[in-house]
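Presented below is the structure to which this report refers.
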Amino acid sequence: MTKKLLLIDGNSIAFKAFYALYQSLDRFTNTSGLHTSAIYGFNRMLDKVLKEEQPTDVLVAFDAGKVTFRTKMYSDYKGGRAKTPSELSEQFPFIRELVNARGIKAYELPNYEADDIIGTLAKQAEQAGNYEVVIVTGDRDLTQLTSDKTTVQVSKKGVTELEKYTPEHVEKKLGVEPSQIIEIKGLKGDNSDNYPGVEKVGDKTALKLVQQFGTIANLYDHIDEVSGKKLKEHLIQDQDKAERARTLATINRDAPVTISLSDLSYQGDQLEQLTDFYERMNFKSFLSNLAVDDSDDEKNQFAAIKYETLTADNLSALKQFQDEVSFHLEMADENYHTSPILGFAIGQGNQWFVTNNPDLLQADIVKQLLTSPTIKKNVFDAKRTYVGLYRQSIILQNVDFDMLLVSYLLNTTNNSNDVGTVAHLHGFNNVKTDEEVYGKGAKRSIDTQSPAFLAHLVHKAKAIDALHDNMFADLDQHNQTKLYRDIEIKIAFVLANMEISGIKVDPTKLEEMGSKFTERLSEIEQAIYQQAGETFNIGSPKQLGKILFEKLHLPVLKKTKTGYSTSVDVLEKLAPDAPIVQDVLDYRQISKLLSTYIDGLLKVIHQDDSKVHTRYLQTLTQTGRLSSVDPNLQNIPVRTEEGRLIREAFVPSHPGWQIFSSDYSQIELRVLASITNDQNMQEAFREGEDIHATTARRIFGLASNDEVTPELRRQAKAVNFGIVYGISDYGLSKNTGISRKQAHQFIQRYFEEYPGVKKYTEDIVEFARNHQYVETIAHRRRYLPDINSRNFNLRAFAERTAMNTPIQGSAADIIKIAMINMADAIKDMRTTMLLQVHDELIFEVPDDELATVKELIPKVMDSAIKLNVPLKVESHWGKTWYDAK
DNA sequence: GTTGTCACG
DNA sequence: ACGTACGTGACAACT
């Protein structure tokens with residue numbers, strides 16, 4: 001039988017874990033004040049790797065101490081390294097204890113590093129023949145051990161994310177064979193281990209030399225063939241250093257280990273010991289996972305919750321649920337507008353019922369329960385459940401708890417659409433994820449006939465039931481109960497009805513436009529080939545880059561990490577140099593319209609009603625905005641005339657009706673004026689001035705708005721946008737083409753003229769630093785863990801986010817309130833709300849209601865909330881969306 | 001599955 | 001000195 005040996009580099013993983021959680025160092029301490037972050041991270045890695053690899057034998061190797069055969073050979077080896085922080089070194093004994101409690105052997109060998117132990121045992125296993133070897137480490141150097149029988153997994157940013165190196169992957173990634181890694185290190189040396197290689201030889205030269213000569217030895221045998229006089233001199237000069245560095249980098253695969261392969265068999269968790277350990281470390285989630293895994297035997301776990309399979313005969317048992325019930329409707333696919341319904345689970349406390357027969361939804365007692373205005377329903381994803389039931393002619397009522405929505409409000413990051421994942425996030429572990437039960441990707445399959453399926457549904461419903469008290473309490477603690485009850489749960493149903501309504505799309509119109517575009521496209525295509533002197537795939541940035549920058553020698557203004565950038569801003573700068581560039585720009589535009597908006601939309605029109613039914617994702621964005629998928633109706637072209645024509649295909653669903661659109665004018669700047677309490681900006685809005693002109697007048701010191709030229713207004717507008725995005729002079733200069741110095745001046749002038757805004761930007765960042773989050777008007781919260789980061793980039797990004805999120809998020813709050821009020825205001829009319837595009841709402845309106853809605857809709861929108869400045873709404877209508885302008 | 005590009009607010 | 005505008009989704013190419 002083949003065995004699988006897992007070898008773990010204990011020190012490097014502990015280091016990685018410690019630094020991955022460095023930000024949260026203070027959150028990871030146990031009651032006796034011991035730091036536990038590295039222990040925690042280490043155990044997460046163990047969980048993951050043990051589960052994924054299912055090894056038969058395991059060893060964790062540790063470094064024995066400072067002195068090794070390498071330091072004897074070269075006294076500066078690993079010299080100059082900062083001392084291991086005490087917060088980490090105090091954890092090492094406990095990591096060993098953990099390893100032990102998990103039934104794993106730990107080992108160290110005086111004079112040798114963990115690498116050498118691993119290298120030696122891997123070699124022994126390979127020679128024994130019947131072993132497969134997996135090495136887990138944080139140190140990329142170990143990839144030199146990669147072979148047919150040995151894979152090396154190197155932890156990436158966290159410790160649970162591992163990059164798997166096979167010999168093929170090494171070659172692809174590094175350009176050399178695994179055995180040649182030491183040759184490269186020999187030539188370039190290693191800064192972190194503090195030994196030099198050859199002078200002036202870095203990654204690139206080393207790689208080139210090794211690719212050419214194979215090994216250092218062979219290189220020196222053919223030293224005359226090295227191109228470059230200086231390089232050759234350095235090589236000759238530093239031959240001893242190269243050879244020493246090569247030896248230092250080489251893992252010793254014949255270390256005198258005193259342990260043998262047969263000592264390494266994996267014992268599995270030592271429950272008593274491990275429970276005790278987790279308790280001392282205060283590892284709650286590991287503890288509760290232990291309880292679940294304890295009943296690893298599947299039957300046991302499912303037996304943990306008793307349930308009955310629902311049939312026509314025992315339906316009356318559901319009568320017991322008079323006040324409250326948890327309900328989970330299972331559908332096969334993401335898209336609940338079209339997905340088959342597979343079954344449902346319902347119950348409370350210890351009473352659970354489940355079925356794989358969706359027809360039972362039609363049973364009177366089930367229907368009454370779901371539509372009852374007095375029995376509270378607890379679900380996961382109210383909108384999805386509502387639409388699914390709506391398709392069965394059941395109107396879900398009185399949803400009290402939506403676990404998905406509450407989880408999103410509590411923390412917008414780490415949000416998932418999976419009950420199991422969200423439950424785990426909130427500390428309830430007795431439920432699997434869909435991925436665990438159904439598989440993922442091509443392997444995903446749902447066997448509705450299996451007992452595991454029924455059990456899974458019950459476990460999901462039970463998770464909702466189990467968590468709702470705690471999660472509501474958390475919501476209250478965040479001061480978010482009103483946000484949930486008055487906005488989010490209500491808008492869920494408003495959105496559901498908009499999605500169900502859908503918007504009619506005229507396929508003939510799209511096809512007509514499609515033919516025109518196709519024709520145009522092939523003309524441009526020919527023109528491009530002509531100028532390039534060859535045919536190629538214009539849609540491939542790689543091939544296009546080759547033509548433009550290598551064949552036609554256009555100047556390279558920007559690069560991406562994989563090659564030349566060919567993005568619009570680059571091409572626009574190059575357009576005057578060569579006519580082909582403008583053709584490429586045109587080609588891009590048309591093919592975008594064709595693929596995304598003509599073909600893309602045609603694909604998602606429902607045959608039965610000629611409509612598209614988008615899904616609004618309510619729990620995705622970090623700011624509280626919605627997003628729209630399948631299709632995305634929030635990015636239908638409008639800025640160019642050619643693109644805008646797409647909107648002609650969006651028509652009312654009844655002849656003679658109108659498409660009616662109302663949008664908030666400058667909502668984000670009005671929100672800014674209001675929450676910063678800046679008197680000057682508020683005045684501009686109260687007086688009904690053109691805000692960009694006023695800004696121009698102020699920062700350029702003009703006497704009146706009449707003196708503002710279009711160019712000055714354009715620049716002021718860019719500054720206004722910049723402020724909303726959390727400005728920097730660099731960003732502003734890049735976006736407007738003015739110099740950085742000038743951008744800096746504009747911003748300074750802006751802050752002089754709008755001192756309230758300046759104070760706000762300072763205060764909000766300060767608030768974020770103190771609380772690690774920011775809030776909108778409606779107490780929507782966004783956490784900013786990077787706000788105190790030592791990494792400039794991360795910190796600067798968090799600071800801009802701190803400024804932007806309350807603005808963008810409060811605007812999102814406002815339109816959501818407007819939509820809830822709107823649904824009520826038009827409930828007895830035929831006018832239907834169809835779409836939301838962040839600051840605008842789109843309706844279809846019968847002619848005889850037009851006069852009413854012209855007044856009503858703007859009224860509802862501008863009175864959604866009381867700010868310190870007025871809200872302004874503009875409306876347009878016409879016989880297609882295009883005409884509503 | 002990731003990257004580059006481009007559509008929207 | 002660092003090296004940046006905020007928030008999204010879909011498509012084609014390429015790994």
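The values are calculated or read from the model by the stated rules, or taken from the named source; none is laboratory data. Note that this is a predicted model, so its numbers are computed, not measured. Here Cβ is always computed from backbone atoms with ideal geometry, including for glycine, and neighbour counts include all displayed protein chains. In case anyone asks, the SASA skips ligands and DNA or RNA and just uses the protein heavy atoms, side chains included. Shrake-Rupley method; radii C 1.70, N 1.55, O 1.52, S 1.80 Å.
Collect the residues in the range A:246-289 that are of a type outside the set (S, T, N, Q), assigned to a loop (DSSP other than H, G, I, E, B) and surrounded by 15 or more Cβ atoms within 10 Å (Cβ to Cβ), keeping them in residue-number order.
Start the filter on the range A:246-289 by keeping residues that are of a type outside the set (S, T, N, Q), which leaves A:246, A:248-249, A:251, A:253-257, A:259, A:261, A:263-264, A:266, A:268-269, A:271-272, A:274, A:276-281, A:283-284, A:286-287.
Of the ones still in play, those that are also assigned to a loop (DSSP other than H, G, I, E, B) are A:251, A:253-257, A:259, A:264, A:266, A:268-269, A:283.
Hits for the range A:246-289 are A:251, A:253, A:255, A:257, A:259, A:264, A:266, A:269, A:283.
Kindly check whether there is at least one residue in the range A:609-616 that is buried (at least 16 other Cβ atoms within 10 Å of the Cβ) and among the β-branched types (Val, Ile, Thr).
There is at least one residue in the range A:609-616 that is buried (at least 16 other Cβ atoms within 10 Å of the Cβ) and among the β-branched types (Val, Ile, Thr).
Filter the range A:406-435 for residues that are open to solvent by 20 Å² or more (accessible area, probe 1.4 Å) and of a type in the set (Gly, Ala, Ser) and give the result.
The answer is A:416, A:427.
Got a sec? Which helices (runs of 4 or more DSSP H) wholly within the range A:556-607 have at least 1 residues that are touching a residue at least 12 places away in the same chain (Cβ under 8 Å), open to solvent by less than 20 Å² (accessible area, probe 1.4 Å) and away from DNA strand C (no atom under 12 Å from the Cβ)?
On the way: elements: A:568-574, A:579-592, A:600-604.
Per the criteria, A:568-574, A:579-592.
Which of the helices (runs of 4 or more DSSP H) found entirely inside the range A:631-695 contain at least 2 residues meeting this: within 33 Å of the chain's Cα centre (by Cα) and within 22 Å of residue A:814 (Cβ to Cβ)? If you could, list the steps in order and put the result at the bottom.
Details: elements: A:641-644, A:667-676, A:679-686.
Those helices (runs of 4 or more DSSP H) span A:667-676.
Looking only at residues that are open to solvent by 40 Å² or more (accessible area, probe 1.4 Å), within 18 Å of residue A:586 (Cβ to Cβ) and of a type in the set (Gly, Ala, Ser) in the range A:509-545, which one is nearest to DNA strand B (Cβ to nearest atom)?
Once the filter is applied, the top-ranked residue is A:539.
Quick check on residue A:474: is it open to solvent by 50 Å² or more (accessible area, probe 1.4 Å), under 26 Å from residue A:488 (Cβ atoms) and acidic (Asp, Glu)?
On the way: open to solvent by 50 Å² or more (accessible area, probe 1.4 Å): yes; under 26 Å from residue A:488 (Cβ atoms): yes; acidic (Asp, Glu): yes.
Criteria met by residue A:474.
Can you tell me which residue in the range A:321-336 is nearest to the chain's Cα centre (by Cα), limited to those that are surrounded by 20 or more Cβ atoms within 10 Å (Cβ to Cβ) and not charged (D, E, K, R)?
Kept after step one, since they are surrounded by 20 or more Cβ atoms within 10 Å (Cβ to Cβ), are these residues of the range A:321-336: A:321, A:325-331, A:336.
Restricting the remaining residues to those that are not charged (D, E, K, R) gives A:321, A:325-329, A:331, A:336.
Numbers: A:321: 39, A:325: 33, A:326: 29, A:327: 29, A:328: 26, A:329: 26, A:331: 24, A:336: 22 Å.
Here the answer is A:336.
Which residues, taken from the range A:33-46, are over 19 Å from residue A:141 (Cβ atoms) and either in the same structural domain as residue A:435 (by TED's automatic domain parsing) or touching a residue at least 60 places away in the same chain (Cβ under 8 Å) (or both)? Break it down stepwise before answering.
Of the range A:33-46, the ones over 19 Å from residue A:141 (Cβ atoms) are A:33-44, A:46.
The answer is A:34, A:36, A:39, A:40, A:41, A:42, A:43, A:44.
Could you run through the range A:357-388 and say how many residues are under 22 Å from residue A:423 (Cβ atoms) and either assigned to a helix (DSSP H, G or I) or open to solvent by less than 50 Å² (accessible area, probe 1.4 Å) (or both)? Walk me through how you get there before you give the answer.
Let us first name the residues in the range A:357-388 that are under 22 Å from residue A:423 (Cβ atoms), namely A:376-386, A:388.
From what's left, either assigned to a helix (DSSP H, G or I) or open to solvent by less than 50 Å² (accessible area, probe 1.4 Å) (or both): A:377-386, A:388.
Matching residues across the range A:357-388 total 11.
Given the condition farther than 30 Å from residue A:855 by Cα and in contact (Cβ under 8 Å) with a residue 24 or more places away in the chain, answer yes or no: does some residue in the range A:662-676 qualify? Spell out the reasoning first.
If we filter the range A:662-676 for residues that are farther than 30 Å from residue A:855 by Cα, which is where we start, we get A:676.
Pick out the ones that are also in contact (Cβ under 8 Å) with a residue 24 or more places away in the chain and you get A:676.
Yes: one or more hits.
Considering each residue of the range A:775-826, count those that are in a helix (DSSP H, G or I), within 12 Å of DNA strand C (Cβ to nearest atom) and more than 21 Å from residue A:474 (Cβ to Cβ), and give that number. Talk me through it step by step, then tell me what you get.
Our first condition is that a residue be in a helix (DSSP H, G or I); within the range A:775-826, this holds for A:785-788, A:792-825.
This time we only want the ones that are within 12 Å of DNA strand C (Cβ to nearest atom), so: A:786, A:792-809, A:811-812.
Next cut, more than 21 Å from residue A:474 (Cβ to Cβ) only: A:786, A:792-804, A:806-808, A:811-812.
Looking only at that region, the number is 19.
Kindly check whether there is at least one residue in the range A:791-806 that is open to solvent by 10 Å² or more (accessible area, probe 1.4 Å) and over 28 Å from the mean Cα position of the chain (by Cα).
no
If residue A:834 passes every condition in (1) within 16 Å of DNA strand B (Cβ to nearest atom); (2) under 19 Å from residue A:766 (Cα atoms) but one, which one does it miss?
Only one criterion in (1) within 16 Å of DNA strand B (Cβ to nearest atom); (2) under 19 Å from residue A:766 (Cα atoms) is unmet by residue A:834, namely (2).
Specify the residue that is most open to solvent (accessible area, probe 1.4 Å); the eligible residues are those in the range A:436-463 that are within 16 Å of DNA strand B (Cβ to nearest atom), assigned to a helix (DSSP H, G or I) and out of contact with any helix residue (DSSP H, G or I) (no Cβ under 8 Å at 6 or more places or on another chain).
A:443
Do you know which residues across the range A:303-343 are assigned to a loop (DSSP other than H, G, I, E, B), more than 18 Å from residue A:377 (Cβ to Cβ) and in contact with a Ser or Thr (Cβ under 7 Å, 6 or more places away or on another chain)?
Passing the criteria: A:304, A:332, A:333.
Checking residue A:690 against (1) buried (at least 20 other Cβ atoms within 10 Å of the Cβ); (2) within 30 Å of residue A:647 (Cβ to Cβ); (3) of a type outside the set (Val, Ile, Thr); (4) more than 16 Å from DNA strand B (Cβ to nearest atom), which test does it fail?
(1)
Might you let me know whether the range A:852-873 holds any residue that is in a strand (DSSP E or B), open to solvent by less than 60 Å² (accessible area, probe 1.4 Å) and over 23 Å from residue A:626 (Cα atoms)? Full working, then the answer.
First, the residues of the range A:852-873 that are in a strand (DSSP E or B): A:872-873.
Narrowing the set further to residues that are open to solvent by less than 60 Å² (accessible area, probe 1.4 Å) leaves A:873.
Of the ones still in play, those that are also over 23 Å from residue A:626 (Cα atoms) are none.
No, the range A:852-873 contains no residue that is in a strand (DSSP E or B), open to solvent by less than 60 Å² (accessible area, probe 1.4 Å) and over 23 Å from residue A:626 (Cα atoms).
I'd like the full set of residues that are of a type in the set (S, T, N, Q) and either without any contact (Cβ under 8 Å) to a residue 40 or more places away in the chain or under 21 Å from residue A:258 (Cα atoms) (or both), limited to the range A:85-111.
First pass over the range A:85-111, keeping only residues of a type in the set (S, T, N, Q): A:86, A:89, A:91, A:100, A:111.
Answer for the range A:85-111, where residues must be of a type in the set (S, T, N, Q) and either without any contact (Cβ under 8 Å) to a residue 40 or more places away in the chain or under 21 Å from residue A:258 (Cα atoms) (or both): A:86, A:89, A:100, A:111.
Considering only residues of the range A:706-729 that are crowded, with 17+ Cβ neighbours inside 10 Å and among the polar types (S, T, N, Q), which is nearest to DNA strand C (Cβ to nearest atom)?
My answer is A:728.
Between A:839, A:828, which is without any contact (Cβ under 8 Å) to a residue 40 or more places away in the chain and not polar (S, T, N, Q)? Give the derivation first.
On the way: A:839 fails: without any contact (Cβ under 8 Å) to a residue 40 or more places away in the chain.
Result: A:828 is the single residue among A:839, A:828 that is without any contact (Cβ under 8 Å) to a residue 40 or more places away in the chain and not polar (S, T, N, Q).
Name the single residue that is farthest from residue A:598 (Cα to Cα) among those in the range A:634-679 being polar (S, T, N, Q) and open to solvent by 50 Å² or more (accessible area, probe 1.4 Å). Show your work before the answer.
Of all residues in the range A:634-679, those polar (S, T, N, Q) come to A:634-635, A:640, A:653, A:658, A:661-662, A:665-666, A:674, A:676-677, A:679.
Adding the requirement that they be open to solvent by 50 Å² or more (accessible area, probe 1.4 Å) leaves A:635, A:640, A:666, A:677, A:679.
On the way: A:635: 13, A:640: 16, A:666: 31, A:677: 46, A:679: 47 Å.
Per the stated criteria, the residue is A:679.
Residues in the range A:547-554: is at least one open to solvent by less than 70 Å² (accessible area, probe 1.4 Å) and more than 15 Å from DNA strand C (Cβ to nearest atom)? Working first, answer last.
Quick first cut of the range A:547-554, residues open to solvent by less than 70 Å² (accessible area, probe 1.4 Å) only: A:547-549, A:552, A:554.
Okay, now just the ones that are also more than 15 Å from DNA strand C (Cβ to nearest atom), so A:552, A:554.
Yes; the residues of the range A:547-554 include at least one that is open to solvent by less than 70 Å² (accessible area, probe 1.4 Å) and more than 15 Å from DNA strand C (Cβ to nearest atom).
How about the range A:1-15: which of its residues are modelled with pLDDT of 75 or more and open to solvent by 60 Å² or more (accessible area, probe 1.4 Å)? Explain how you work it out, then say what you get.
Narrowing the range A:1-15 to residues modelled with pLDDT of 75 or more: A:2-15.
The answer is A:2, A:3, A:15.
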